Amino acid sequence: MAKANKKNNTDTNKRMEQAKKMAARSAQQKKKGSTKEYWKGVRTEMSKVIWPTRKELGAYTVVVIVTCAFFALGFWAIDSAWLAGLKAILGITLG
């Protein structure tokens with residue numbers, strides 16, 4: 001029984017060492033990519049992007065500005081209400 005456990009441990013250790021070696025090789029292969037290849041890939045991916053037209057970009061910009069203003073006003077209202085409530089409950093003045 002002890003010999004079987006020792007053999008299993010040895011096999012497990014060998015497998016772990018092999019897995020570590022394979023992972024190290026894989027990491028080295030990933031590092032071998034050149035900078036030129038990287039930028040070539042970036043260029044390829046950027047050519048796949050569908051850019052908005054000038055009209056769409058203007059519309060999207062207006063939507064973002066209106067949404068930001070809406071949320072800013074909402075947070076201001078909630079904050080003001082909370083402050084008024086605290087002033088009323090605690091009887092304090094800030095100033």
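Read-outs throughout are calculated quantities, based only on the coordinates presented, and are distinct from any laboratory measurement. Given the structure is predicted, the values throughout are model-derived calculations rather than measurements. Virtual Cβ from ideal backbone geometry, glycine too; neighbours counted across all protein chains shown.
Restricting attention to region 63-95, the residues that are under 38 Å from the mean Cα position of the chain (by Cα) and of a type in the set (Ser, Thr, Tyr) add up to 2.
Exactly one condition in (1) assigned to a helix (DSSP H, G or I); (2) under 31 Å from the mean Cα position of the chain (by Cα); (3) surrounded by 10 or more Cβ atoms within 10 Å (Cβ to Cβ) is not met by Gly33; state its number. All conditions are met except number (1). Looking only at residues of region 42-92 that are among the hydroxyl-bearing types (Ser, Thr, Tyr) and in a helix (DSSP H, G or I), we find that the one that is surrounded by the fewest Cβ atoms within 10 Å (Cβ to Cβ) is Ser47.
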